[in-house]
Every structure is written in structure tokens, then in C-alpha cells.
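Engineer: The structure that follows is given in the form of C-alpha cells.
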2 protein chains.
Amino acid sequence: MNQTPALPDASTTSDPKASASSADEQDAYIAAVALKLDSFLAEKHRLLARISPETLVLIDSIKTLVTGGKRMRALLCYWGWRGAGGSPDSTAIIEAGAALELFQSAALIHDDIIDRSDTRRGGPSVHKRFSTLHTEQKFSLDEERFGHAAAILTGDLCLSLSEEMFSRIESGGSHRAREVFNIMRTEVMAGQYLDILEEVSGPSKPHETAVARAFSIIRYKSAKYSSEHPLALGGALAGAEEAMLTSYSAFALPLGEAFQLRDDVLGVFGDPAKTGKPAGDDLREGKRTVLVGLTIDSAMTHERDFFDQNLGRQDLTEAEVERLCTIMVDSGALERTEEMIAQLSAEAFAALAELPVSTEVREALETLGQRVVSRTS
Amino acid sequence: MNQTPALPDASTTSDPKASASSADEQDAYIAAVALKLDSFLAEKHRLLARISPETLVLIDSIKTLVTGGKRMRALLCYWGWRGAGGSPDSTAIIEAGAALELFQSAALIHDDIIDRSDTRRGGPSVHKRFSTLHTEQKFSLDEERFGHAAAILTGDLCLSLSEEMFSRIESGGSHRAREVFNIMRTEVMAGQYLDILEEVSGPSKPHETAVARAFSIIRYKSAKYSSEHPLALGGALAGAEEAMLTSYSAFALPLGEAFQLRDDVLGVFGDPAKTGKPAGDDLREGKRTVLVGLTIDSAMTHERDFFDQNLGRQDLTEAEVERLCTIMVDSGALERTEEMIAQLSAEAFAALAELPVSTEVREALETLGQRVVSRTS
């Protein structure tokens, strides 16, 4: 499933397009979010220490994960806030960014259980960390079962903490922002469900609608969650009018869609040395992406059958992976996907040009956006 | 693990101890909470229908579960509110009760995955419901894996909805109430972690501390969560002083502990026809309860060894279950547990007698409390 691809590092300040001041401002914001997360988790560390030192591993797991993020969602939230007139050093936007990052960590923890992914951000995933603890401590009964159970609980805790952080925000714009936060959570969970449902039900559904189904999934599990809602959240917090939020969406939704399509392409054709993912993993996992949908829709019948029967097989050989890739190329699906990315990006940047925001905000959003759609890892 | 035993039906009005008026009031409150949950879930149903009709099963699963509850936590919250001067027909206390019930449903969904329990409240558990859907629809890949993944997402959605409901409360007392709600969530998740940790690490820890460890677990995963915090939440919402909340705890904490000890006894010695649980299930699951701790601490060495080696074995025969039960009785552990229940109950009801609340509230709490500690199912 993996609705949460590795995000490009948006914290570097070397991009010439961003003015020095907006890059500095962005760095200051990221540092403030990190500080807020640190002090919040330290507070929870003290609470858990009073219950039992043995529970501290829950907070430590969350801390490791939330420290490793690239803050893309927090940054979109920040520029949405600034674009709607929010001031650079407000506590509200720092808390909102921290809440988004905690929510993302919670999603990753449960996502990795669902996908059976043992690595995350270069380290062990949370369930793997707990199963390793089980092995090292020579515990009884089953290590994998313990790992999954502990990670379910850690994800639940992280989800609660995300919301606890969000509830600290006090602001005039917070009713609308709360609404965005609520819709975001419901939509991403529904989108994730559609994603796992498509993995198991896709093969028996009409191949003509495979692309439409895959597109609906990336819209809810990724584009709205990772791009549209964070930007809107910042805007709403700063008291933006509905018209402003609509113009934010015109930029952020196609951007988020392009971002996910790029991620899908990299998942199959990316350089494993750059993406950190072994080649063929996405195919063995059985992810039914838009790229896959286009392949199924346009491949010759016997190739489509081969595709449908082999996608999701854990034991695919390298030769089989290669044949699946060849079908994706020969059917024209890869080319079509690249065209879609170009089209969505053009749509997003055209909308950005029309946004009623300052030049500084526009440039910052453009820098973020360009990184998202043209990345190679 | 099962931190969430079936609660006694507190909605019946036949108990002579509760005055007719408080029983009517309680019924009206329960009906109002049910109505609130219905309209809230109908709203979410509409949101999910717009995403895809295929996601409606998420809301339907939550609705089935949250409809089946006995509302014990909501009722404690209600009488905590009334005891601190809250009025009977306030929206705030209805929303708080609905939020507690949704939180409990979320906990049950994930708990059943962790415990691999296929039944809940007389029907299939949520993960079982999804794996059955998989089978019936002849989906591809693994049905159990799909069931677990879908139930993780449903639990996450339910957890978010619980909090969304809580965030609707607008009240002068809500800052302190929010604090209780936050601590409750963190503590129960930490307590659940200690519970699964004890299952795997208990056998290698000193048997002298088994009782203390088990007692700490029931305090956090059950007594505070199911009894102390709901009562405090209602009080805090109504603006109760700290002294009042402390006196609430003096009643609710020992009551919650007695409640969980009673549950543990019923889990092993209860009549399966009444409890709805097959005999021996708790022993096969490996729950390391206070009853088990007392057994391990007081049994003869060879019996303790038999106990430690067999507790948690999925394939225990009936004869082995019977031997484990006999060791519990012969070691005096069952008797000691009953003494503890009696002592904790006495402590709780002595504190109740001192509570600065109206006679009506005291009687309502006494009725609830008596049902909790003397139930047989």
C-alpha cells in the first residue's frame, strides 16, 4: 500500500528559486516544529515513566520516526498559513505542523504493519523494532505477533498524540481548520482501505475501470492527504475565505496527484540506489497504481493476463519482474503516466501563478512543488 | 489481553436501589447518546459514500460495534457530571459519552486483532467480518491478512471519530476535561502494552513480583480507563474542583480494580453459558492476571513450573485446563482474589458514602457499582 512515499528533502536552502529570506524563514519554522515535537514527547516520556519504564519504548519509537521526516506536509501547511496572512512566528502554525507530522508517523507505523515492511527511513520499522526486542530479550511465545501487537498500540498512541497536539491550537480560524483536520483523517483512512481492497479485488473487476479506480485511490490516500489538506489547513488557521481555500486546492490537488504518480513510477523504474527500495518490491507487493491500471487497460490480452496473474506474487523472479516492466513500457503505460505527470504539474503551476499570495509565498510554494514532481528518489 | 471485558447491562431500570427518577434520567441519557452516535455516524456515512460506496463497510462495522455496548463508561461520566452540578439535558455530556463509547469501540477493534478474537458481543469481530467479506467475494491473496489490515484502518478511523466527537464539546470546564481525556488515552495504551509485554516476558521475571506487575496492568489498562477517568471526565466537564475529582477517584479506582479482578475470575471460573466465553480460553490466551500472579507466587514449586510452562499454550487439553484451575484453587489464589475483590469493593463503597453529592447521584453510582462487582457474566 504505502500511501506515504519518502518525501523529498525540502529543508535544504540551496535552491536558487527560493529567496534567501523565505528559505531562512522555512528553516526557522522547521526548527520550531522540531523543538515543539521534542518538548511534547519529553512531556509524554515523563508520563509514561511514571507508569512503567518498560513503556518508554513506545515514545522512543515515535520519537525516532517523527524525527526522521522531511516535513513536507508541515511546510505546505506553513505556506498556506503565510499566504493567508498568518505571521511567521505564531505558536498555532507550529502546533499544526507538529500535529501533521505526528499524524504522518502514526500512519506510517500502521502502514508498515499492513504492508509487512521491515524498514522505514533507513531503520527498522516499528513492528520490526518490537519483534527484535522480543528476540534479543528471549521472550516467550511468538515474536512477529508481539511485534505487530506492540506496533498497533504504538500507532494508536501516536494517533492520539497527533490529535492532542492539534487540540492545543487556539485560534480564531480553528473551527474551519478543525474541519479540514477531521476530513483529512477520514479521507486518508478511507483511501487506504480502497487501496488494500483494490489489491485483493482489482483482478476480478473490469480492466476498463482500473485507471479510474487507481486514480480515485491516489486522490484520497495521497493527493488530498499529503498536499491539498495541509495547505488548506494552514490557510484555514489563518482565517482564509472559502474562495482562497478553493484556489489553494486548484494548485495543491493536481500537485499531490503528480507527486503520487511520480512515486509510483519511481517504485518500479527508480534507481534502487537512490530510492532505497529494492527493484520489483512494489510489483511483489501488488500495488495497483495508475501505472498498473494503464498497463492492464492497454496491454495485449495475453500480456494483460500475465500481468494480472503475477502482480502481487511475493516470489517473483528477477526475470518475471523484468517482463512485467517490459509490458509496462511496451503497452505505452509508462509514457502515458509521464504525460499525466506533466499535465498535472502544468495544471498545478498554472493555478499557482493565479494564487492571490505574495511573491515570497508563491516562490516558496513553487520550489516545494518542483521538488515534488521532478525528484528521482 | 482483552482489557475490555463485557460490561454488565446498566441500562435496565429494574434495580430497586435506583430511584425511579434516576433510572428514568439514566435511560433518557442513554437514549440521547445513542441518538447522537446515530446522527454522527450518518454524517460520516454520507462523507464516505461520496468517496466510494465500497468504503461504507468501515462505518457499518463501527456502527454495529458501538450500538452493542452497555454504556458503562458513558454512565459513569454522566453521574460524575451530575454529581458536580451538571444539568441533565446538556449537549456537552451527551457528546462526552458518545466520545467515550467510540473510543471503547476503537479499542475493541484493535484489541480483537491483537488477541486474535473472532467474536465480539455475540457477532464476528471486525477483522473476522472483513476476512469473511474476502472469502464471500472470492477476492485474491490472503483473507486473514486483508481482515487484519482492514480492521487496523477501521480502528484508526474509529479512534479519530472518537476524538472528533470529543472536540465538539464546548464548555467552560473543557480544558480540564480535555486533560483527563488525553491522560486516559495515553494510560490505557501504555497499560495494554504492559499487558502484551507481560504475556511474553512474565515467565522469565521473578515470581515474587508477578502480583504487583499484574496489579499495575489492571490499574492502567482497566481501572483507570474504565472507571476512574470516565467519572472524572464528567466531573471536570461540569467544572468540579480538584478536591472533588480526588474524592471521585477514591471511589472509582478501587471499584475499577474490583471490576477487573471479577472479570479475571469469571474468565477462568465463570459459567461459559453466562459469560459467552469458552472455558479455558483465558488460559490458552496466556493472560497474566492477578489471579495468575497469586497462583505463581503461592503454588508449590512443581505446580508453579507446570503453570508457567502451560499458560498460553493454544492447544491445552480440557484435562490440562482443569489441572491449571485446580492449582489456582489449591494454592489459595482464587480465595485471595475473592478477598481482594471484597476489600476493594468495601473501600470503594466507603468512599462513595463520603462523596459530596446528592442522594440521587450516590444511589445511582451505588447501583452501577454493585452491578460491576457482583456480576456473574
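Engineer: Considering only the range B:310-369, state which residues are touching a residue at least 40 places away in the same chain (Cβ under 8 Å), outside any helix (DSSP H, G or I) and open to solvent by 70 Å² or more (accessible area, probe 1.4 Å).
Structural biologist: The one that is touching a residue at least 40 places away in the same chain (Cβ under 8 Å), outside any helix (DSSP H, G or I) and open to solvent by 70 Å² or more (accessible area, probe 1.4 Å): B:PRO356.
Engineer: Determine, yes or no, whether A:THR301 is of a type in the set (S, T, N, Q) and surrounded by fewer than 19 Cβ atoms within 10 Å (Cβ to Cβ).
Structural biologist: In short, yes.
Engineer: Given the structure, is A:VAL211 more than 7 Å from every other protein chain (Cβ to nearest Cβ) and of a type in the set (A, V, I, L, M)?
Structural biologist: Yes; evaluated as a whole, the condition is true for this residue.
Engineer: Further question: Looking only at residues that are in contact (Cβ under 8 Å) with a residue 24 or more places away in the chain and of a type outside the set (Lys, Arg) in the range B:39-58, which one is surrounded by the most Cβ atoms within 10 Å (Cβ to Cβ)?
Structural biologist: The selected residue is B:LEU58.
Engineer: Here is a list of conditions, (1) open to solvent by 30 Å² or more (accessible area, probe 1.4 Å); (2) at pLDDT 90 or above, and B:LEU294 meets all of them except one; can you say which number that is?
Structural biologist: (1)
Engineer: Just to be sure, is A:GLY235 at positive phi, in contact with a Leu (Cβ under 6 Å, 6 or more places away or on another chain) and open to solvent by less than 30 Å² (accessible area, probe 1.4 Å)?
Structural biologist: In short, no.
Engineer: Right, something else. Can you tell me which residue among A:LEU197, A:LEU159 is more than 30 Å from B:GLN309 (Cβ to Cβ), under 18 Å from the mean Cα position of the chain (by Cα) and surrounded by 20 or more Cβ atoms within 10 Å (Cβ to Cβ)?
Structural biologist: A:LEU159
Engineer: Looking at (1) within 14 Å of chain A (Cβ to nearest Cβ); (2) open to solvent by less than 10 Å² (accessible area, probe 1.4 Å); (3) touching a Ser or Thr at 6+ places or on another chain (Cβ under 8 Å), can you tell me which one B:SER226 breaks?
Structural biologist: For B:SER226, the exception is condition (1).
Conditions (1) without any contact (Cβ under 8 Å) to a residue 24 or more places away in the chain; (2) in contact with a Ser or Thr (Cβ under 7 Å, 6 or more places away or on another chain); (3) open to solvent by less than 10 Å² (accessible area, probe 1.4 Å), marked per residue:
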| residue | (1), (2), (3) |
| --- | --- |
| B:GLU143 | yes, yes, no |
| B:GLY155 | no, no, yes |
| B:SER167 | yes, yes, no |
| B:SER174 | no, no, no |
| B:ASN182 | yes, no, no |
| B:TYR193 | yes, yes, yes |
| B:SER201 | yes, no, yes |
| B:LYS205 | yes, no, no |
| B:GLU208 | no, no, no |
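Engineer: What is the residue count in the range A:167-207 for residues that are among the acidic types (Asp, Glu) and at pLDDT below 90?
Structural biologist: 1
The values are calculated or read from the model by the stated rules, or taken from the named source; none is laboratory data. Just so we're clear, the structure is a prediction, and the values are computed from it rather than from any experiment. A quick note on method: Cβ atoms are made from the backbone with ideal geometry, for glycine too, and the neighbour counts reach across all protein chains shown. Just so you know, the surface numbers come from the protein's heavy atoms only, side chains and all, with ligands and any DNA or RNA stripped out. Shrake-Rupley method; radii C 1.70, N 1.55, O 1.52, S 1.80 Å.
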